[in-house]
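To start, the structure itself, in structure tokens.
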Amino acid sequence: MVSLLRASLATVLSSAAVISTMPALAASGDAVDLSARLQLALNAEDRVQALSALMAPDQASTLIERFRRFSMRFPETRWAVRPGQALDDGRPTVQLAVSGTRQQDGLSYSFKANQRLAFSTEAGLITAQEVLSDQSVLTSSKKPLPISLLIPDTVLTGSRYDVDVVVDHPLGKAMLAGGLTPVTAQQVLVQESPDVQLEPLGGGGLFKSVQAPFQPGIQTWAALLVHPDGVITVSKRVQVVDDKSKLNP
């Protein structure tokens, strides 16, 4: 079980690292056209080559290696991209969603991730990006274990907020264990699995009240839920801001 938990965390952190460096498409045209072309590149047969053509060389090398490792874990994935609302400074945004599945050791692995990105371009290539929101869920189970994530994308410095991972279906007599731990940017970058202390859970999920740091920045959480039918691993990135006007509606 410990090895399965660490494998789940490593996979979801690897996926988070891939998603957090995924380029937005640099090209001419409106946001709808950009989103459509990015979606084609991400779903192309040779995704590495298609993505490399969209990035400046200094942006490509790190991403491509992470993308290869992610593709080895989930060779069959489907990407969806749609345009988002432009930021106040004029930068366009895109909404990325990826899903994938695989079978191993009698278990079905299902991966889903969502991210919102703002990007900048120069000479038709991606030169800079900003991750605005980011979450991923990996489920390893014998049958589906649908969950809902009730975690904000943006919070105020020093505020308390809820990190809730809710199991959507009734548990019946099944026991549920889980835990929550903060994850550093370095752990995500090197795909290091953090230690998560498990404890019995009640009420159909994991419900935690946490505090944001007193300085603006990023707070990342990893959560584990262990069910008799499998394991659910969650990664969530929360942006910490010092101005109420920067809170997402």
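The values are calculated or read from the model by the stated rules, or taken from the named source; none is laboratory data. None of these values were measured; they are calculated from a predicted model. So basically every Cβ, Gly included, is an ideal-geometry build from the backbone, and we count neighbours across all protein chains shown. Accessible surface areas use protein heavy atoms only, side chains included; no ligands, DNA or RNA. Shrake-Rupley method; radii C 1.70, N 1.55, O 1.52, S 1.80 Å.
What to note about this one:
- Within region 70-95, tally of residues that are open to solvent by 80 Å² or more (accessible area, probe 1.4 Å) and either in contact with a helix residue (DSSP H, G or I) (Cβ under 6 Å, 6 or more places away or on another chain) or in contact (Cβ under 8 Å) with a residue 12 or more places away in the chain (or both): 4
- Flag for Val231 being outside any strand (DSSP E or B) and under 27 Å from Phe67 (Cβ atoms): no
- Matching residues in region 188-223 - criterion: being polar (S, T, N, Q) and under 19 Å from Val240 (Cα atoms): Ser209, Gln211, Gln215, Gln219, Thr220
- A count restricted to region 56-92 and to residues that are of a type outside the set (Val, Ile, Thr) and closer than 22 Å to Val188 by Cα stands at 17.
- Residue selected from region 142-154 under the condition at pLDDT 75 or above and of a type outside the set (A, V, I, L, M, F, W, C), by the criterion nearest to Ser209 (Cα to Cα): Pro152
- Region 180-218, subset free of Cβ contacts under 8 Å to residues at least 60 places away in the same chain and among the hydroxyl-bearing types (Ser, Thr, Tyr), residue farthest from Val163 (Cα to Cα): Thr184
- Strands (runs of 3 or more DSSP E) wholly inside region 120-198 that include at least 2 residues being open to solvent by 20 Å² or more (accessible area, probe 1.4 Å): 125-141, 147-150, 160-167, 176-183
- Looking only at region 165-195, and only at residues there that are at pLDDT below 85 and among the β-branched types (Val, Ile, Thr), the one that is nearest to Ser235 (Cα to Cα): Val188
- Matching residues in region 221-242 - criterion: being open to solvent by 50 Å² or more (accessible area, probe 1.4 Å) and either under 21 Å from Ser193 (Cα atoms) or at pLDDT 90 or above (or both): Asp242
- Residue within region 219-235 that is touching a residue at least 40 places away in the same chain (Cβ under 8 Å) and among the acidic types (Asp, Glu) present: yes
- Considering only residues in region 43-69 that are touching a residue at least 40 places away in the same chain (Cβ under 8 Å) and of a type in the set (A, V, I, L, M, F, W, C), the one that is farthest from Thr139 (Cα to Cα) turns out to be Ala56.
- Selection count where residues are of a type outside the set (D, E, K, R), open to solvent by 50 Å² or more (accessible area, probe 1.4 Å) and outside any helix (DSSP H, G or I), scope region 34-57: 1
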